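The values are calculated or read from the model by the stated rules, or taken from the named source; none is laboratory data. The model shown is predicted, which means the values in this text are computed figures rather than measured ones. Cβ placement follows ideal geometry from the backbone for every residue including glycine, while neighbour counts extend to all protein chains displayed. Keep in mind that these areas ignore ligands, DNA and RNA; they rest on the heavy atoms of the full protein, side chains included. Shrake-Rupley method; radii C 1.70, N 1.55, O 1.52, S 1.80 Å.
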Amino acid sequence: GYDEIARNACEEASRGVLSALNLSESEQEGIDALIDAAAAVADDLCILLPDEQGVARLRAAVLCSPNRWRLADKLGGTMTQIHSPVARYDEDLQSPVDAVIARLHPDRPLWRVNWGVSNHPSLFQPDIPPATPEMDPADMWVRVEWQTLRKLPESGAVLFTIRTFVESMRDFYEREYDLVHGFADLISKIPENVAQYKSIAPYRDALYAYLDTR
């Protein structure tokens, strides 16, 4: 059944992750095997499986660094449902994302980067922290997610990984001039609904002014 396929996918993903690290295969089964793999890496591990209509759904995950979402709210959801708060997802991303997942091949994994700015450095952020518009921009944090998508050859599931990096804005400010100013331009030019979704809107002007002094 479907649950058995999900269990098998967890075990297959676990074998792949641990093998890549030259570690022994987990002795656990199902989600417990995935937990063993996730304990060996800095990445969160999510399993997507196609439903009867071929639409990918989130069937299992080990999530330690959520960026303002809760696994319990998203489990079983399609990519559209998982990304329901994401500004412009329906208009700009739904069709291409679904098409990319459908075309994934075991030998051709994909990666992407997601970025944001936070007023708190915690990796575990299931909720949006209260806005602090009076906060010094230098005391804020750049949050970047390195995401990969890989189709698993045996189960046909997709392993979606998320590795989260957090850097203080003060340290980011000291990076290459072009990088810092490019980031400032990005912050100033993103649409308002995207700024709202990324929780940047209350800080947008102050962040731009701060980074522009680099």
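So between residue 178 and residue 115, what do we pick up on full extension, going 0.36 nm a residue minus the alpha carbon distance?
21.0 nm
Working from Cα positions, state the angle (0 to 90°, nearest 10) between the long axis of helix 177-189 and the longest principal axis of the chain.
It is inclined by approximately 90 degrees.
Using a 1.4 Å probe on the protein chains only, how many percent of the accessible area of the chain belongs to carbon and sulfur?
52 percent
Leaving ligands, DNA and RNA out of it, rank 208, 203 by accessible area with a 1.4 Å probe, largest first.
208, 203
Accessible area per residue for the chain in Å², computed with a 1.4 Å probe and the full protein assembly in place, what is it?
Here the per-residue accessible area is 55 Å².
What figure, in Å² to the nearest 10, do you get for the accessible area of residue 155 with a 1.4 Å probe and non-protein molecules left out?
30 Å²
For the chain, I need the span (max minus min coordinate) of the C-alpha atoms along each principal axis, in Å, sorted largest to smallest.
Here the Cα extents, ordered largest to smallest, are 56, 38, 31 Å.
Specify the angular offset, from 0 to 90 degrees and rounded to the nearest 10, of the alpha carbon long axis of helix 94-103 from the longest principal axis of the alpha carbons in the chain.
40 degrees
Could you sort the peptides 170-181, 46-57 by per-residue average Cβ neighbour count (10 Å cutoff), highest mean leading?
Packing proxy ranking, top to bottom: 46-57, 170-181.
Run the dipole for the chain about the Cα centre, Lys and Arg Cβ at +1, Asp and Glu Cβ at -1, nothing else charged, and hand back the magnitude in debye, nearest 20.
About 340 debye.
Which sequence of 73, 212 reflects their accessible areas, 1.4 Å probe, from the largest down?
Listed by decreasing accessible area, they come as 73, 212.
Heads up, I need the accessible area for residue 160: 1.4 angstrom probe, whole protein in place, Å², nearest 10.
30 Å²
Among 19, 34, 8, which residue has its Cα furthest toward the positive end of the charge dipole of segment 1-52, with +1 on Lys/Arg Cβ and -1 on Asp/Glu Cβ?
Most positive-ward Cα: 19.
Can you give the Rg to Rh ratio of segment 89-214, both from alpha-carbon atoms, with Rh computed by the Kirkwood formula?
Rg/Rh for segment 89-214 comes to 1.04.
Students sometimes get this wrong: rank 204, 163 by accessible area, probe 1.4 Å, all chains present, largest first.
Of 204, 163, the descending order of accessible area is 163, 204.
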